[in-house]
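The values are calculated or read from the model by the stated rules, or taken from the named source; none is laboratory data. These numbers come from a predicted model, not from an experiment. So basically every Cβ, Gly included, is an ideal-geometry build from the backbone, and we count neighbours across all protein chains shown. Side chains included, ligands, DNA and RNA excluded: accessible areas come from the protein's heavy atoms. Shrake-Rupley method; radii C 1.70, N 1.55, O 1.52, S 1.80 Å.
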Amino acid sequence: MMLMLIRLFFLVLKWMLFFMIQIAVDLLEQLKLMENEVIATIGPQSSGIAHIIAHVANELHVPLLSFGATDPTLSSLQFPYFVRTTHSDYFQMYAIADIVDFCRWRQVIAIYVDDDYGRNGISILGDALAKKRGKISYKAALSPGATKNDISILLNSVNLMESRVFVVHVNPDYGLNVFSIAKNLGMMTSGYVWIATDWLPSKLDSMDPVDTNTLKLLQGVVALRHHTPDTNLKKSFFSRLKNVNGTATTSFNSYALYAYDSVWLAAYALDAFLKEGGNISFSSDPKLIDTKGSMLHLSSLRVFNGGPDFLPTLLRVNFTGLSGQIQFNGDKNLIRPSYDILNIGESGFRRVGYWSNYSGLSVLAPEILYKRPPNSSISNQKLFNVLWPGETIATPRGWVFPNNGKPLRIAVPYRISYLEFLSKDKNPPGVRGYCIDVFEAAINLLPYPVPRQYILFGDGKRNPDYSQLVNQVALKNFDAAVGDVTIVPNRTRILDFTQPFMESGLVVVVPVKEIKSSPWAFLKPFTAQMWCVTGAFFLFVGAVVWILEHRHNPEFRGPPKKQIMTIFWFTFSTMFFSHRENTVSGLGRFVLIIWLFVVLIINSSYTASLTSILTVQQLSSQIEGIDSLISGNQPIGIQDGSFARRYLIDELNIQPSRIVSLRDPKVYEDALTRGPNGGGVMAIVDELPYIELFMSSANCKFRTVGNVFTKSGWGFGFQRDSPLAIDMSTAILQLSENGDLQKIHDKWLSRQSCGAKVDDTDSNELSLKSFWGLFLICGIACLIALITFFVRVFCQYMKFIPESEMESDQENPSPRPRKTFRSSRSFKDLIVFVDKREREIKDILRQKSKKRRRDQSLDDQFNSPT
């Protein structure tokens, strides 16, 4: 052990010395260059060197134009004279995060070089993935001078882990060695995902031509490259280069184009600076003093006096270069960062899409999207098909079970009650029940094997605390929790749950008892108001039918006493459809048809309500639901270990002293039977699946009251960001669709149904609210019939009265006043007229009509000339 530590110490020391020597050499070269009087510096290519040189540039007021330092921490706030002429890795890491999210992966392993360039880039990747609910599951660092043996050890270790998505962010010097060793380890096959940053395309673009074996080695790798538009300027440049060299030059990577544009940027800025009257002068900095034996010659460095004016001029330059638009935003970054997304195959690169911070992933070039409104919605993210390692176009799952010989550790509640859901079993796998069958059925639907081990949680003497079980999974003492685990908000904050496989919710259970029928039970179907209105309408309709039939039907005529009896008899006999009187008039039949329909509805409703009342069970307590339970002070029973305790205390503010923990259904029954006065409980609050089993086993002596006052369900809980949660949710939905979930339910939980609620007697009483529409229709029909009847009678009377008054005047020719006499007599005559039979009225009017025609004929003969 000590020997291994010593070797490790010397290995780290060797790496540190190598890194420090390399930095010192590069730094000396840069400082030697800056000993001359310079107004701008182009370079360096390394982010590590750029960190040091940027401090010197700040002190000398010399803008540092870097086309290769992509470290995101090289910010304009810390280094105001640092001008990045390429795009920061900040944008590249967000592009990778979008690719990971697009493929629905949640975890990646980052393989990176352990320097400023690697560490800071991967740090940004972690932030970008976190915004997409992803994460870096493991950061595998390689030293800048890593050997093949170092790489092999690292890849062997990450190959034992769960994630199969690898992001490679290393130096081009030994980057290809990572893939070469990965291929030897069998890590470039189907199921693996390799995403490389822009170092890989830059390396391959610099190779002329790319070796076929290298392309075979990289088959299926996805890489990002700075997007440089195919402009005429770019084509013209390569054409001129071809004419100069005599051969086509294809060994330019994107950094070479940015370097070319950096030179032109400095030239344009200097030209503008001089045209604006800028002065180029230098002075010494007294703070830069040489020390004895130093090789840096700091005293020879000169401060550019025009630097504070030249820097803004540089940042205002705007032109189109080989790499695209060269223009800086307020953060001193190039505008419109974008990348090509490449898929490497045996025949070379294949572009599968683009990424830009304008619209995210797209199959259209960024310069086309810039002409449209920005749209980075999920539905707008698109890529062409990728040929992954193993030459498959199916998107890899991105994870496997860790290849460390350990099965999935599944915690199962060790219950002592309701064993239909979960119980210990002597046979493998050691547990049984409804929840286990559902979990096993879902596991069998997954397209990959899941090694698993069930571990009982609890002492077997009482039901375990489910909140502690969930916390143990969150603390990674278990990989999952399988059982009757309720999905509640505080648990979803620390675990990922599957789709619920059982609906649940808290309900209130109270005892019920049979009651004897009351002698006045026949009055209970209707409320008092309903009885009064119904009786009034019986009399009203009877009176209306009598009025309409009195002139036509001899059965409705006779002495007053007989007519009153007829009204009552006819009215109430319609209740049983046994009225013997026939209706003759059309209006009477119209009213009677509508009334019989109303009576039919009332009779049917009365019969149904009375039947329900005579067979109903009533509560033995005054608890009607959770509200009445909260307002009281009686003890409340809950299941031992249930989340109901915390819910009643925290959410409903019930005193803890009122809550009584009960172990099993037998204790439930005993506590409810004894009641609060006998040392029991007033009601029990528990989850619906348990209560359904309890009521069935208790021969339906208890009932639930009120509504389910929490809507939840049971699910399987996994550690945060576990990909199994998503796959298991899909499997549970498949079980539900194909009917297997119901079959498992019927196997374990098929019991006698007691109903979900208790019917209260008061709820069976029918009020006027349910029938006022019928009474309104019947009342309107009666009024229409009465109005029609009286209008017709009045018209007949008006035809009848003139001749009656004329005859009376002829018999009494005296001229005395008769106004009062006529009015009283007219009303009396009207009553007499209405009381007459319709046939008599028609005969009188017919005779008067004949007499009128005869008199008119005699008058015509008398007045005619002889």
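Whole number in Å², please: accessible area per residue of the stretch 166-240, 1.4 Å probe, ligands, DNA and RNA not counted.
Numbers: 2760 Å² over 75 residues.
With the other protein chains kept in place, the stretch 166-240 gives 37 Å² per residue.
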**OP:** May I ask you to compute the full-extension gain from ASP271 to ASP459, defined as 0.36 nm times their residue separation minus their alpha-carbon distance, rounded to one decimal in nm?
**Re:** 59.3 nm
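At 0.36 nm per residue, and after removing the present C-alpha to C-alpha distance, how many nm does the segment from GLN325 to LYS406 gain when stretched out fully? Numbers along the way, then the final one.
Numbers: separation 81, 0.36 × 81 = 29.16 nm, distance 5.41 nm.
Contour length minus Cα-Cα distance gives 23.8 nm.
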**OP:** Pairs to check: LYS424/LYS476; LYS242/LYS275; LYS524/LYS561; LYS216/LYS332; LYS332/LYS371. Give those whose C-alpha atoms are more than 29 Å from each other in this structure.
**Re:** LYS242/LYS275; LYS524/LYS561; LYS216/LYS332
Subject >> Residues of the stretch 331-371 with amide N under 18 Å of the 7 Å Cα→Cβ point at SER379 >> reply: 359-363
Original post:
Can you run phi through the Karplus equation (6.51, -1.76, 1.60; θ = phi - 60°) for the stretch 68-85 and list ³J(HN,Hα) in whole Hz, with x for Gly and Pro?
Top reply: x, 8, 9, 4, x, 7, 7, 9, 6, 6, 7, 10, x, 9, 8, 10, 7, 9
Original post:
What ³J(HN,Hα) values, in whole Hz, does the Karplus curve 6.51 cos²θ - 1.76 cosθ + 1.60 give for the stretch 211-223 when θ = phi - 60°, with x put for Gly and Pro?
Top reply: 5, 4, 5, 5, 5, 5, 4, 9, 4, x, 6, 9, 9
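Share of the stretch 349-389's accessible area from carbon and sulfur, percent, 1.4 Å?
C and S fraction of accessible area: 56 percent.
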Original post:
Once you put a point 7 Å from the Cα of ASN149 and another 7 Å from the Cα of MET798, both along the Cβ direction, what distance in nm separates them?
Top reply: 12.7 nm
Original post:
Counting only protein heavy atoms, what percent of the accessible surface of the stretch 409-495 is carbon or sulfur at a 1.4 Å probe?
Top reply: 50 percent
**OP:** Describe numerically, in nm with one decimal, the distance between label points set 7 Å from Cα along Cα→Cβ at PHE790 and at GLU737.
**Re:** 7.0 nm
Original post:
Taking 0.36 nm per intervening residue step and subtracting the Cα-Cα distance, what contour gain separates ASN305 from GLN622 on full extension?
Top reply: 104.9 nm
Original post:
Share of the stretch 65-105's accessible area from carbon and sulfur, percent, 1.4 Å?
Top reply: 56 percent
Original post:
Which whole-angstrom value gives the distance between the alpha carbon centres of the stretch 97-171 and the stretch 692-723?
Top reply: 43 Å
Original post:
With each label point set 7 Å from Cα along the Cα-Cβ vector, what nm distance links SER283 and LEU160?
Top reply: 6.3 nm
Original post:
When only DSSP loop residues count, what chymotrypsin sites (Phe, Trp or Tyr not before Pro) in the stretch 442-481 have their Cβ near at most 10 other Cβ atoms within 10 Å?
Top reply: none
**OP:** Round to a whole angstrom and tell me the spacing of the C-alpha centers of the stretch 638-668 and the stretch 315-358.
**Re:** 62 Å
Original post:
Once the Cβ-Cβ distance between ALA130 and LYS242 is put in as r, and R0 is 56 Å, what FRET efficiency do you end up with, to the nearest 0.05?
Top reply: 0.75
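Please go through the stretch 610-713 and write out the trypsin sites (Lys or Arg not before Pro) that DSSP classes as loop and that have at most 11 other C-beta atoms within 10 Å. Could you put the intermediate results ahead of the total?
Numbers: sites: ARG645, ARG646, ARG658, ARG663, LYS666, ARG674, LYS701, ARG703, LYS711; in loops: ARG663, LYS701, LYS711.
Of the trypsin sites (Lys or Arg not before Pro), the ones in loops of the stretch 610-713 whose Cβ has at most 11 other Cβ atoms within 10 Å are LYS711.
Can you tell me the FRET efficiency between GLN634 and ASN427 if r is taken as the Cβ-Cβ distance and R0 is 56 Å, rounded to the nearest 0.05? Please list the in-between numbers first.
On the way: r = 45 Å, r/R0 = 0.80.
E between GLN634 and ASN427, to the nearest 0.05, is 0.80.
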**OP:** List the residues of the stretch 774-795 whose backbone N lies under 11 Å from a point placed 7 Å from the Cα of ILE601 along the Cα-to-Cβ direction.
**Re:** 774-779
